[in-house]
Every structure is written in C-alpha cells, then in structure tokens.
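Please treat every number below as a calculation from the coordinates, not as lab data. If you're wondering where the values come from, they're calculated on a predicted model, not measured in any experiment. Cβ atoms come from the backbone with ideal geometry, glycine included; neighbour counts cover every protein chain shown.
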Amino acid sequence: MKTSMTPAMNCPASVSQSDTVMLAHGEGGRLMRRLILERIAWRFGAGDVQFHSDAACLGKLAGDVALTTDSYVVSPLFFPGGDIGTLAVHGTVNDLAMSGARPLFLTLSLILEEGLPLAMLDQVIESVAATAKACGVKIVAGDTKVVPHGAADGMFINTTGVGVYEFHQRMSAANIHPGDSLIISGPIARHGLAVLAARESIALSPSPRSDSAPLHRVAAELLETLGADLRTMRDATRGGVAAVLHEWAEESGHAMWVDGNCLPILPESRGVCELLGLDPLFVANEGTFVAAVAPHHVNQALAILQSHLTIGCPASIGCVRHRELSPVLISRGLGADQPLDEPPVAMLPRIC
Amino acid sequence: MKYLDEYRDRKTSRLLVEQIRRLATRPWVLMDVCGGQTHSLVRYGIEQELTGTVEMIHGPGCPVCVTSTELIDFAVALSQRPQTIVASFGDMIRVSGSGNSLLQARSRGGKLKIVYSPVDAVELARKNPELEVVFFAVGFETTAPATALAVFHADALGLSNFSLVAAHVRVLPAMETIMEMPDNRVQGFLAAGHVCSITGYEIYKPFVAKYQVPVVVTGFEPIDLLEGILRSVTMLEDSQVVVENCYGRGVQRMGNLFAQSLIDRVYETEDRDWRGFGKIAGGGYRLRSQYAGFDACKKFTGMFPQDSIAATECRGADVMSGRIRPKQCPAFGTTCTPESPLGAPMVSSEGACAAYHRFDSFAIEIR
C-alpha cells in the first residue's frame with residue numbers, strides 16, 4: 001500500500017499531528033518509524049540487548065530455555081485493577097512461572113485498529129513498560145501493525161516470553177498422585193468479574209477489581225522450598241479453577257475433589273456471582289493459581305503464599321483421589337459429592 | 001454472607017431432611033414450578049437425599065424452555081435484518097428455534113446484544129437512532145414489569161426505533177394445564193417464589209380449591225426448598241389443601257401492586273403456544289393496542305415465520321410435565337448435551353436437563 005496516492009499519506013507532517021492511529025502508521029515509512037521510536041521503543045530500556053535490528057540477541061542463557069506465547073484481546077482495554085498492557089506482561093510471565101521457569105525476556109507485538117486514540121496507545125505502552133520493569137523482565141523485540149477500522153477491537157497484543165529453568169523439577173499433571181492436596185493462592189473470580197462489570201457497564205459498589213499480578217516470585221519460592229513435593233501449578237485463567245482441575249484430571253487420570261465450602265472468594269465477588277447466576281469456579285483469574293502439593297507440605301505452601309500475595313486468603317480447597325466416574329467432584333449443600341462440569345460455553349447471567 | 005449462608009446451612013438442612021423423612025408415611029409427588037428451584041434441588045443434592053420420600057417433578061417454569069420455536073425464529077430473522085439489533089437476556093441467545101439460535105446467527109453476521117435490564121435496550125435505541133432495536137422479552141410475571149417499564153420509557157422518549165417481541169408467559173395457566181393432563185401425578189406444588197413476589201399468592205386460592213392440591217410458595221436456597229417441601233408433606237399427610245407462604249422475606253399476600261399495575265397497563269393476556277405443550281389458554285402476555293407501535297410482531301409482520309417446526313427428538317415437555325425424568329430421555333447425555341442440545345431444557349441455565357447434566361452424579365455414567 002506504499003504507493004497509495006491519498007494526500008494524507010504523502011504528507012507525513014499532517015498525519016503526525018493526528019491524535020489517533022492511522023493506517024499510514026503501519027505503512028513502513030517515516031510515520032511508522034516515528035510511532036515506534038517516539039511512542040513505543042524508548043520506554044523499553046533493554047540494556048545489553050541489541051534493539052534496533054530485526055532480531056534480538058539474547059546471549060547465552062544459564063539453563064534449559066522455556067518459551068511461551070500468548071495473545072491478548074481483552075475488551076474493554078482498561079478495567080479496574082489493570083489493562084491490556086498489564087495482562088500482556090503478567091499473562092506471559094505467569095505462563096513461564098507456572099511451568100517452573102524464571103521469566104527473562106518478552107516480545108511485544110501490537111495490532112492496532114485505525115482510529116485508536118494515540119493517548120490510549122501511550123497509556124497501554126506505559127503500562128507494559130512499568131509492569132515489565134516491576135516483573136524484572138526485558139522487552140527485547142516487537143512489531144506493530146495497523147488494521148482498518150472495524151478489523152480489530154482497539155488493539156490486540158501478542159507477547160512471547162523466554163525464560164530459563166533454574167530448578168530440576170518440571171511442572172506436569174503427570175506428577176500428581178491420589179492423596180495430594182489442592183491449594184489455591186487467593187480469592188477467585190476477580191478478573192472475570194472486573195472485566196464483565198466494565199464491559200457491560202454494570203454499576204457495582206465496590207466494583208470488582210482484577211487480580212492481574214505476576215506470580216514468578218512466589219512460584220520460585222514454592223519450587224525452591226517444596227522441591228518435588230510441589231507436583232504442579234497452573235494459573236486459573238480462562239475457564240477458571242474448574243478448567244484447571246479438568247485439565248489435571250484428564251492428564252493425570254485421577255479425580256480432583258473440591259470442598260465447596262473452602263473456596264476463598266471476596267464478598268463482593270460472591271455477591272456479583274449470586275446476582276448474575278455465575279459459578280465463581282468458572283470465572284477467569286489473572287493472578288491466582290492452583291497448586292497440587294504433597295499433603296505434608298500444605299501448611300508450608302500456604303505460609304509462602306500468604307507472605308507473597310498482598311490480598312491473602314490462600315486456602316487448601318481439596319485433594320486428589322482415585323478416579324471413579326467423575327473427573328472433578330465438588331461437595332456442597334448437603335455434603336454429597338457431585339460432578340463439577342467443565343466450564344460452560346459462555347458466562348451468561350440467568351434471567352429470573 | 002448475610003441472607004445466603006443462613007439459607008445454605010448444612011446442619012439445618014440435615015434437620016429438615018430428617019423431619020421430612022420422619023413425617024412422610026408414603027412417597028409424595030411434588031412439582032417445583034420454577035427452573036431456579038430445579039437447579040438448587042439438584043445442585044445441593046436435596047433431591048438425592050429425599051429419594052423414596054418425595055419425588056420432585058421439575059415443572060415448566062423455565063421461560064426460555066417454553067418460548068415457542070416461531071418466536072425464536074422470528075428473533076433470529078430480525079437479528080439478520082439490516083440495521084437491526086436484537087437485545088435479550090443471556091439465556092435466550094443459545095436456544096435454537098427450527099434452525100439457528102441467536103448466538104449462531106451472530107456468528108453469521110446477525111446483530112445481538114445481551115442486556116441485563118430491558119431499560120438498557122431502550123437506551124441502546126436512544127443512542128443509536130439509525131438502528132432498529134428489538135428487545136426479545138422473555139420471562140414470567142417476574143420480568144414482565146421490567147419490560148413494561150421499558151415500553152413506558154420508550155414511549156416517553158418518543159422512540160420509533162424500539163420494539164419488543166413480547167414472549168412473556170404466565171405461570172398459573174401452565175399449572176392448570178399440568179393438572180388437566182390425564183396422566184398427571186402431581187400431588188402438591190412448590191410455587192415459584194420470584195413470580196409470587198410480583199403476583200402474591202391469593203391468586204392460587206381458586207386453583208387450590210378447583211384441583212384440591214396444596215400450593216406452598218417457596219424460595220430458592222436449600223433451606224427455603226426444604227421448608228417448602230416440609231410444609232407440603234405436612235399438608236398432604238394431614239389432607240390439608242391450602243395455599244401457604246414459606247417465602248415470607250420475598251412474598252406478600254397481594255404481591256407487588258405497583259409491578260402488577262405496570263403489567264396491566266402495558267399487557268393483556270392471550271392464548272400462547274408453549275414449546276412442547278401446545279396452546280395454553282391465557283398462557284402469555286401481548287402488548288395492549290395503545291402500545292402496538294412497540295410490537296415487533298406487528299412492526300415486522302412480513303418477517304414472522306409461517307411454518308416453524310421444532311426438532312421432535314427433544315422430549316422436554318414430557319420432562320416438564322413429569323412423564324419422564326431427564327435421564328430417562330433416550331437422547332440425554334448422548335445426542336443431547338449442553339454443547340449440542342436438542343431442546344431448550346438442555347440449554348438454559350434453568351432447564352431441568354441441564355441441571356441433571358451438570359450436577360447429578362448418575363448422569364456421569366450416561367455421559
């Protein structure tokens with residue numbers, strides 16, 4: 001499209017004064033270079049890493065290398081407790097952390113919709129930079145594309161993360177044994193409810209806040225302290241805690257049993273779930289994870305979680321059992337075990 | 001959490017279960033009218049605990065399940081009309097008519113907006129004068145006042161781009177239909193607490209007198225349900241036939257008079273096709289003639305489907321009238337699952353089949 005004859009594209013000066021993203025920002029010319037240099041790259045001081053070439057040289061890494069990638073398409077872009085920028089960093093950092101790796105580097109790919117206010121882009125980039133700095137990871141490569149109005153929802157982000165394994169054990173549901181305890185790191189359902197309330201403009205007081213947070217430090221301490229007694233861990237993102245338990249049940253061949261009365265949940269989250277008819281076990285989290293640990297290490301694991309996570313309330317929520325019929329079971333109400341279904345197709349409120 | 005935990009208390013639940021077991025000299029058959037009650041009964045394991053003492057039949061009180069195929073087809077067609085957007089409550093969008101659901105229609109370019117209040121749909125119309133906004137108004141007497149209010153709002157704003165598909169249904173005519181069925185087994189009703197918060201419970205007196213069945217207005221939490229069942233069993237054992245209110249914190253004798261007046265001003269009753277049940281006399285609400293301008297069925301009359309036929313494999317009506325239990329349906333858990341449902345009771349969060357599929361351990365074997 002570089003041969004386009006529209007006057008706006010031939011006159012960078014006029015375009016550069018625009019306060020929104022334009023297709024010309026993605027055309028590869030001066031505008032694009034300025035957008036990247038003036039609004040994006042300068043915020044990421046990558047230190048020793050060579051930034052201005054087509055590929056970043058990461059140097060030698062001490063240990064086995066972990067690689068993960070994730071795309072972020074959240075709507076709205078900003079919500080109580082975070083934004084698409086914090087998610088794009090925390091999400092990928094947490095994917096590395098949950099696999100047992102120490103996160104080191106991220107890439108940042110932006111797909112911007114024509115018409116996105118540049119101020120909003122700035123805000124997100126600032127958020128990405130601050131979050132990466134707080135996590136101690138470097139943004140070392142990136143890409144920017146602009147798509148026509150209507151072809152994206154404001155902006156999409158993809159981040160790829162590189163880390164190293166500093167410990168021997170690899171997190172896998174295959175490590176889980178019947179008798180192991182299931183632990184949750186904090187109150188559940190906060191992120192999904194925060195985004196839902198923001199998206200649907202549901203006025204709630206207090207309004208739910210996302211739990212978006214990095215988990216690599218607490219994960220490292222658990223790994224170091226518990227060793228092989230930390231069987232596996234997983235952040236309970238899409239599909240919530242129920243999705244994690246179903247994955248583990250399938251991969252391990254055992255049954256996951258949950259005591260419905262032990263689930264940590266903030267009163268405001270519970271209120272919203274009751275009001276809208278949602279099961280908090282199916283609602284997404286972004287800084288809360290489930291861990292399977294050997295039963296004699298439960299208290300130690302809970303103490304580590306308590307010392308790291310600001311909001312508190314880590315809890316032992318159940319245990320691993322031999323599989324009979326149902327892969328995931330929950331005890332609630334009169335106490336009989338019931339199957340816990342896989343997350344439903346969409347989180348939808350009931351009507352009466 | 002106040003108003004929740006005390007109604008889910010395990011110890012109190014146990015005491016109530018024991019009381020019901022002690023009291024019953026024979027197995028009784030009760031119908032929980034509302035889908036919300038069905039889900040709590042199955043979710044909290046109450047039904048299981050009362051096996052052999054009380055058989056619960058899960059009635060037709062899931063508005064999504066009984067909405068006719070042709071009204072769903074109509075809403076789907078409207079969602080695909082240029083410059084038109086269909087707004088509805090969440091549950092309704094996943095139920096198919098004779099072809100697509102609204103959700104499937106959206107993936108093929110249909111325009112759909114999930115709202116939490118009907119007034120939000122009016123707001124959508126006000127903000128987008130270039131769009132035609134159609135609200136798919138489903139629900140029993142519980143939601144009818146809110147959609148009536150939406151009509152008032154739209155009228156006051158002078159909106160010409162707002163209309164609704166009035167699919168509201170009335171609970172009492174459906175209960176009468178159940179009692180008129182030749183193979184009816186229902187011996188007592190747990191009336192739907194939320195509906196009664198609007199209608200009150202005086203309206204059940206003629207019904208109780210005519211059909212000689214006790215009716216107990218019942219809530220939705222485990223303790224509410226167990227109290228409702230206990231009162232029903234007590235009455236049945238004593239051959240008492242009256243209306244009682246076990247949901248005092250939500251329901252008054254005469255109900256919510258303001259909400260009733262909203263319904264009366266906007267709607268009138270009409271005979272209505274209930275999915276699986278056929279025509280029920282006085283079974284639905286339609287807009288009164290002075291609000292005909294907001295009636296999507298009149299506004300888009302040419303688009304109303306003429307020959308909607310529902311999939312016949314679904315035996316939802318047999319489930320909702322107590323002829324079979326969800327698990328006795330040959331399609332349950334095999335060709336009919338929440339992911340690919342044959343009928344509405346497997347789709348809606350209040351559908352009996354969906355409740356069994358989610359919460360009943362025996363259902364796992366079938367899966």
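When the Debye formula is applied to the Cα atoms of chain B, each taken as the same point scatterer, what base-10 log of I(q)/I(0) results at q = 0.07, 0.08, 0.11 Å⁻¹?
Cα-only, vacuum Debye calculation for chain B: -0.30, -0.40, -0.75.
Kindly work out what percent of the DSSP beta bridges joining two residues of the range A:71-154 are antiparallel, to the nearest 5.
Values: 2 of 11 bridges.
Once the DSSP bridges in the range A:71-154 are tallied, antiparallel ones form about 20 percent.
Expressed as a whole number of Å, what is the distance separating the alpha-carbon centroids of the range B:6-68 and the range A:293-309?
Spelled out, the Cα-based centre of one part sits 40 Å from the other.
I'd like the Karplus ³J(HN,Hα) series for the range B:81-93: coefficients 6.51, -1.76, 1.60, θ = phi - 60°, whole numbers in Hz, and an x wherever there's a Gly or Pro.
Each residue's phi maps through the Karplus curve to give 6, x, 6, 10, 10, 9, 10, 7, 6, x, 4, 5, 6 Hz.
Rounded to the nearest 0.05, what FRET efficiency do A:D153 and B:E237 give with R0 = 51 Å and r taken as the Cβ-Cβ distance? Could you check? Can you show the working numbers first?
Details: r = 61 Å, r/R0 = 1.19.
My answer for the efficiency is 0.25.
Loop only by DSSP, 11 or fewer other Cβ within 10 Å of the Cβ. Give me the GluC sites (Glu not before Pro) in the range B:19-115 that pass, ordered by residue number.
none
Identify which of B:D271, B:D73, B:D238 has the largest mean-square fluctuation in a Gaussian network model of chain B, with springs joining Cα atoms closer than 10 Å.
The residue that fluctuates most here is B:D238.
Across every pair of different alpha-carbon atoms, what Kirkwood hydrodynamic radius in Å does the range B:1-132 reach?
So the Kirkwood estimate lands at 18.1 Å.
Considering amide H positions built from the backbone, and no H for Pro or chain starts, which residues 5 or more places from B:D295, or on another chain, come under 5 Å of its amide H?
B:L164
For the residues A:T131, A:T86, what sequence is obtained by ranking on other C-beta atoms within 10 Å, fewest first?
Ranking A:T131, A:T86 by Cβ neighbours within 10 Å, fewest first, gives A:T131, A:T86.
Which of B:C65, A:C135 has the fewest other C-beta atoms within 10 Å, and how do the rest follow up to the most?
A:C135, B:C65
I need the phi-derived Karplus couplings for the range A:168-179: 6.51 cos²θ - 1.76 cosθ + 1.60, θ = phi - 60°, integer Hz, Gly and Pro marked x.
6, 6, 10, 6, 7, 5, 5, 7, 6, 10, x, x
Charges at C-beta only: +1 for Lys and Arg, -1 for Asp and Glu. How large is the resulting dipole of the range A:21-121 about its Cα centre, in Debye rounded to 20?
Dipole magnitude for the range A:21-121 comes out near 300 debye.
In the Gaussian network model of chain A, springs joining C-alpha atoms below 10 Å, which of A:I176, A:I188, A:I36 carries the largest mean-square fluctuation?
A:I36
Quick one: Karplus J couplings for the range B:39-45, per residue in order, coefficients 6.51, -1.76, 1.60, θ = phi - 60°, nearest Hz, x for Gly and Pro?
With the stated coefficients, the range B:39-45 comes to 5, 5, 4, 7, 4, 8, x Hz.
From the gyration tensor of the Cα coordinates in chain A, what semi-axes in whole Å does the equivalent ellipsoid have, largest first, with each one equal to sqrt(5λ)?
Working: eigenvalues 317, 124, 49 Å².
After scaling each eigenvalue by five and taking roots: 40, 25, 16 Å.
As an exercise, identify the trypsin sites (Lys or Arg not before Pro) in the range B:116-224 lying in DSSP coil whose Cβ has no more than 16 other Cβ atoms within 10 Å.
B:R185
Suppose the Debye formula is applied to equal point scatterers at every Cα of the range B:130-282; what is log10 I(q)/I(0) at q = 0.08 Å⁻¹?
Log10 I(q)/I(0), no solvent term: -0.28.
Hey, got the dipole for chain B? About the Cα centre, +1 on K and R Cβ, -1 on D and E Cβ, debye to the nearest 20?
So the magnitude is around 400 debye.
Which shape class, rounded, prolate or oblate, goes with the range A:219-335 when its Cα gyration tensor gives a ≥ b ≥ c as root eigenvalues, a/c under 1.5 marks rounded, and past that a/b bigger than b/c marks prolate?
Oblate, because a/c is 1.5 or more while a/b does not exceed b/c.
With every atom except the alpha carbons ignored, what do you get for Rg and Dmax of the protein assembly as shown, in angstroms?
In order Rg, Dmax, the Cα atoms of the protein assembly as shown give 28.3, 91 Å.
May I ask you to sort A:R332, B:R14, B:R275 by Cβ crowding, counting other Cβ atoms within 10 Å and putting the fewest first?
Placing the least packed residue first, the sequence is B:R14, A:R332, B:R275.
Using a Gaussian network model of chain A whose springs link C-alpha atoms within less than 10 Å, name the residue from A:V74, A:V137, A:V65 with the highest mean-square fluctuation.
A:V65
Which of the trypsin sites (Lys or Arg not before Pro) across the range B:41-118 are loop residues per DSSP, with 16 or fewer other Cβ within 10 Å?
Answer in residue order: B:R108.
Taking H placed 1.01 Å from N in the peptide plane, check which residues at least 5 places from B:I57 or on another chain put their amide H under 5 Å from its amide H.
HN-HN under 5 Å from B:I57: B:L30, B:M31, B:D32.
Given the rule -39500 (n - 2.57) for each run of at least 4 DSSP H residues, summed and divided by the residues of chain A, what is its mean residue ellipticity at 222 nm, to the nearest 500 deg cm²/dmol?
-8500 deg cm²/dmol
In whole percent, what relative contact order does chain B give with Cα contacts below 8 Å and a gap of six or more residues?
Rounded, it is 22 percent for chain B.
Sequence-distant or interchain residues sharing an amide H contact under 5 Å with A:E27, placed H: which?
A:M32
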